[in-house]
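Notes for the one structure printed next.
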Amino acid sequence: MSNFKEIVTKAVVGKGKKTFSEEHTLELNETPSAILGCWVINHTFKGIKEGDSVRVNGSFDTNIWYSKDNNTKTEVAKQNVTYDELIPITRLEDYDGEDEILVRVLKQPTCTKAQIVDDKVTYNIEKTLATELVGDAKIKVEINSLDDDIESPIDEEINEEVKEDFLK
């Protein structure tokens, strides 16, 4: 005899992923001689569902290390960058309920290029974001029960005697 049960669980009902590249400009109070390094810290973000997309609002701090006075002194310039990105979602199944939004960073914001242009520092930041929509799902499973007249292999007695002439 078998019957069916429905299990209600959470499942991924939509996914999206996108790589973003953007150029930023940082004006300095002095003329830089050379760019010595650029790094990104303090990345924070959150996602909001908008139709068939997820809008990700976030921010991070960039630190530009540069030399000045004909490469005799160094300084670090800091800039807070905010962003507002839209990631399209591919629906994995039809679902009209409430979605939980998960946003993950597949590639942290990274400076890919920094240069001096007209006494200003321009730099490119690249990042990859992924998002998943999680909603309720029902799974139907078949439940089999054993009848009492059917003997289970567990109930059988195991013969533990060793037959020494078995291989002859």
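Taken together, the values in this text are just the output of simple stated rules run on the coordinates, not laboratory data. All values derive from a computational prediction rather than experimental measurement. Ideal geometry is used to build each Cβ from the backbone, glycine not excepted, and the neighbour counts take in all protein chains shown.
Rounded to the nearest whole Hz, the Karplus-based 3J(HN,Hα) values (6.51 cos²θ - 1.76 cosθ + 1.60, θ = phi - 60°) of segment 44-57 follow the sequence 10, 6, 8, x, 10, 6, 9, x, 9, 9, 10, 8, 10, 9, with x at glycine and proline.
Spin-label model, Lys140/Lys163: points 7 Å from Cα along the beta carbon direction are separated by 4.9 nm. Residues in segment 120-126 carry Karplus couplings, in order, of 10, 9, 10, 9, 9, 10, 10 Hz; the curve used is 6.51 cos²θ - 1.76 cosθ + 1.60 with θ = phi - 60°, and Gly or Pro positions show x.
Distant-in-sequence amide contacts of Leu28, defined by a placed amide H-H separation under 5 Å and a gap of 5 or more residues or a different chain, comprise Val121. Cross-link partners for Lys78 among the lysines, with Cα-Cα distance under 22 Å and sequence neighbours closer than 8 places in the same chain left out: Lys68, Lys107, Lys113, Lys120, Lys127. Based on the reciprocal of the average 1/r between different C-alpha atoms, the Kirkwood radius for segment 2-143 equals 17.9 Å.
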